[in-house]
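Participant: Dropping a structure here in structure tokens format, bear with me for questions.
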Amino acid sequence: MTRSSRPRFVIRCGLSSPRADELAQLTANRDRLEHEQDRLMQAHYADAIPLAVLKREQDRILGELDQVNRRLDAHHGEHTDARAHLDDALNLLGNCADIYARCDDANRRLCNQAFFTKVYVEEDDELRVENARPFEMLLDPDVNADALTWAANADKARTPALDSAGQGSSLVR
């Protein structure tokens, strides 16, 4: 994928985490190196620098870009893995009654262990459960309310961000 055709994503994080800061720094470094590469080529086309200097500087920039891109890919790979786990957990929650109904006793026990840390049957036959991770967070009414608020606000906060090719995305996280 060429530099001009690579999609650009601007991610604004609501929380200032070290990982978000590192991702922003890596993205800024990549952009700086690409800009430096463009300026170097313009200088060469204007016969302002000899071919030997161009080659040496291009090799340096490409080496630094390779390191930055590998670190960015690692960040995005971790995000992809987390998203896959979240999708799996949500699919289980969406189908848990059907899954449970189709299971034999041994698999029902496994389902109970996956979904719950504790199940209480009160004296008045009321059922109370403590959910296992990640379901405790996914089923928390406060977390769900916050997610709905965030989703509503994200649509309002979304603004177009264009790169040099006229394409881009601005996501609020």
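Participant: For residues in the stretch 15-64 being within 17 Å of HIS75 (Cβ to Cβ) and either more than 33 Å from the chain's Cα centre (by Cα) or of a type in the set (Lys, Arg) (or both), which is most open to solvent (accessible area, probe 1.4 Å)?
Facilitator: ARG19
Participant: Tell me which residues, restricted to the stretch 93-135, are in contact (Cβ under 8 Å) with a residue 24 or more places away in the chain and either in contact with a strand residue (DSSP E or B) (Cβ under 7 Å, 6 or more places away or on another chain) or hydrophobic (A, V, I, L, M, F, W, C) (or both).
Facilitator: Taking the stretch 93-135 as the starting set, the residues that turn out to be in contact (Cβ under 8 Å) with a residue 24 or more places away in the chain are 93, 134-135.
Answer for the stretch 93-135, where residues must be in contact (Cβ under 8 Å) with a residue 24 or more places away in the chain and either in contact with a strand residue (DSSP E or B) (Cβ under 7 Å, 6 or more places away or on another chain) or hydrophobic (A, V, I, L, M, F, W, C) (or both): LEU93, PHE135.
A quick yes/no check of all residues on (1) open to solvent by 80 Å² or more (accessible area, probe 1.4 Å); (2) touching a helix residue (DSSP H, G or I) at 6+ places or on another chain (Cβ under 9 Å); (3) of a type in the set (Val, Ile, Thr):
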{"site": "GLY77", "(1), (2), (3)": "no, no, no"}
{"site": "LEU92", "(1), (2), (3)": "no, yes, no"}
{"site": "CYS96", "(1), (2), (3)": "no, yes, no"}
{"site": "CYS111", "(1), (2), (3)": "no, yes, no"}
{"site": "VAL129", "(1), (2), (3)": "no, yes, yes"}
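The values are calculated or read from the model by the stated rules, or taken from the named source; none is laboratory data. Note that the structure is predicted; figures quoted are calculated from it, not measured. Heads up, the Cβs are rebuilt from the backbone with ideal geometry, glycines too, and the neighbour counts pull from every protein chain shown. Quick note on the areas: whole protein, heavy atoms, side chains included, nothing else; ligands and nucleic acids left out. Shrake-Rupley method; radii C 1.70, N 1.55, O 1.52, S 1.80 Å.
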